[in-house]
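Engineer: What follows is a structure written as structure tokens; I'll ask about it next.
The values are calculated or read from the model by the stated rules, or taken from the named source; none is laboratory data. Just so we're clear, the structure is a prediction, and the values are computed from it rather than from any experiment. Neighbour counts are summed over all protein chains in view; Cβ atoms, including those assigned to glycine, are modelled from backbone coordinates with ideal geometry. The protein model used for the area step is the full one, side chains on, heavy atoms only, and it has no ligands, DNA or RNA in it. Shrake-Rupley method; radii C 1.70, N 1.55, O 1.52, S 1.80 Å.
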Amino acid sequence: RERGAGVEELIDRLLADDLEHLALPRHDLTIGTNAREEAVTVPAHDTALLLAGTSGGGKSTLVTAFVEQLVQRGYQFCILDPEGDYTSLPGAAVVGDREVPATAAEVQELLQLPAANVVVNLVAIGIEKRPAFFEELMPQLLEFKRRTGRPHFVVVDEAHHLAPRDGSTAAAQTGDWNNVLLVTVHPKHVSNALLQHVGVALAIGAAPAETLGELADSIRRRPPPIDPAPLQPGEAFVWRCRENEAC
């Protein structure tokens, strides 16, 4: 009774949005440090992330470090891997190989196990068929995540192969796209409907200003001020699109 007002407020928020927008910064994921040696973090929930930049800029390295941190936190992940870059991740189960195509049913079966992290190898699925596979699998993953909270993160590598700009937008308009990491070379080649979900963008490589400019054009926001000089290996420019903050 002494704290009845607080309990009522909590119940109201639970009914309104299931505490979806409650900030829990202690769960944020660290991706590096800034020039002042302060930790730079991204949310572990409630937003979609984009990692973009020129080839050879270190996208695979950053993704690997990211999923290693997920493992340390006890989070389940699922990686859609068009080029077979992540099939050697320790402790991850791989669905599909260079000759046998992955199936959505196999992915769903593995994800039933809370401790199972899954890499979906799409090498055996032709480039022209990958968008259709994405349209089949991704709504299933989002629905499973809605019901169970898992997988905690879905990584979509080479997003321009799976959700091209001129492809279907059905999957992008289905479900909750929070806790999804999209990885691509050029945002302008990714489905515009999918990019609308992005809340935090990380640019790496030789043309960070151009990379974030492509995203800004797609989501109709003013791009952040950024030095057009190439970033060095291990460097990234972070743009929090929703708050229009950059670092």
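Engineer: For the range 190-199, check the following and say yes or no: at least one residue is without any contact (Cβ under 8 Å) to a residue 40 or more places away in the chain and more than 16 Å from the chain's Cα centre (by Cα).
Structural biologist: Filtering the range 190-199 down to residues without any contact (Cβ under 8 Å) to a residue 40 or more places away in the chain leaves 190-194, 196.
Among the residues that remain, those that are also more than 16 Å from the chain's Cα centre (by Cα) are: none.
No: the range 190-199 contains no residue that is without any contact (Cβ under 8 Å) to a residue 40 or more places away in the chain and more than 16 Å from the chain's Cα centre (by Cα).
Engineer: Under 6 Å by Cβ, and 6 or more places apart or on different chains, what pairs join a residue from the range 207-231 that is closer than 12 Å to GLY53 by Cα and part of a helix (DSSP H, G or I) with one that is of a type in the set (Gly, Ala, Ser) and open to solvent by less than 20 Å² (accessible area, probe 1.4 Å)?
Structural biologist: THR211/ALA52; THR211/GLY53; THR211/ALA203; LEU212/ALA203; LEU215/ALA201
Engineer: Right, next: When residues of the range 138-156 are filtered for being touching a Ser or Thr at 6+ places or on another chain (Cβ under 8 Å) and either without any contact (Cβ under 8 Å) to a residue 12 or more places away in the chain or crowded, with 24+ Cβ neighbours inside 10 Å (or both), how many remain?
Structural biologist: Going through the range 138-156 one residue at a time, the tally reaches 1.
Engineer: Is at least one residue of the range 98-109 aliphatic (A, V, I, L, M), surrounded by fewer than 19 Cβ atoms within 10 Å (Cβ to Cβ) and touching a residue at least 12 places away in the same chain (Cβ under 8 Å)? Quick ask: steps written out before the conclusion?
Structural biologist: Within the range 98-109, the subset aliphatic (A, V, I, L, M) is 100, 102, 104-105, 107.
Keeping just the survivors that are surrounded by fewer than 19 Cβ atoms within 10 Å (Cβ to Cβ) gives 100, 104-105.
Retained after the next criterion (residues that are touching a residue at least 12 places away in the same chain (Cβ under 8 Å)): 100, 104.
Within the range 98-109, one or more residues are aliphatic (A, V, I, L, M), surrounded by fewer than 19 Cβ atoms within 10 Å (Cβ to Cβ) and touching a residue at least 12 places away in the same chain (Cβ under 8 Å).
Engineer: While we're here: Please go through the range 168-187 and give me each residue that is of a type outside the set (S, T, N, Q), open to solvent by 20 Å² or more (accessible area, probe 1.4 Å) and under 16 Å from ARG130 (Cβ atoms), ordered by number. It would help to see each step written out before you state the result.
Structural biologist: Narrowing the range 168-187 to residues of a type outside the set (S, T, N, Q): 170-172, 175-177, 180-183, 185-187.
From what is left, the residues that are open to solvent by 20 Å² or more (accessible area, probe 1.4 Å) are 170, 175-176, 185-186.
ALA170, VAL185, listed by residue number.
Engineer: Counting only residues that are assigned to a loop (DSSP other than H, G, I, E, B) and farther than 18 Å from GLY56 by Cβ, which one in the range 232-245 is modelled with the highest pLDDT? Full working, then the answer.
Structural biologist: Start the filter on the range 232-245 by keeping residues that are assigned to a loop (DSSP other than H, G, I, E, B), which leaves 232-236, 241-244.
Now restrict to residues that are farther than 18 Å from GLY56 by Cβ: 241-244.
Details: CYS241: 88, ARG242: 80, GLU243: 76, ASN244: 71.
Checking each candidate, the answer is CYS241.
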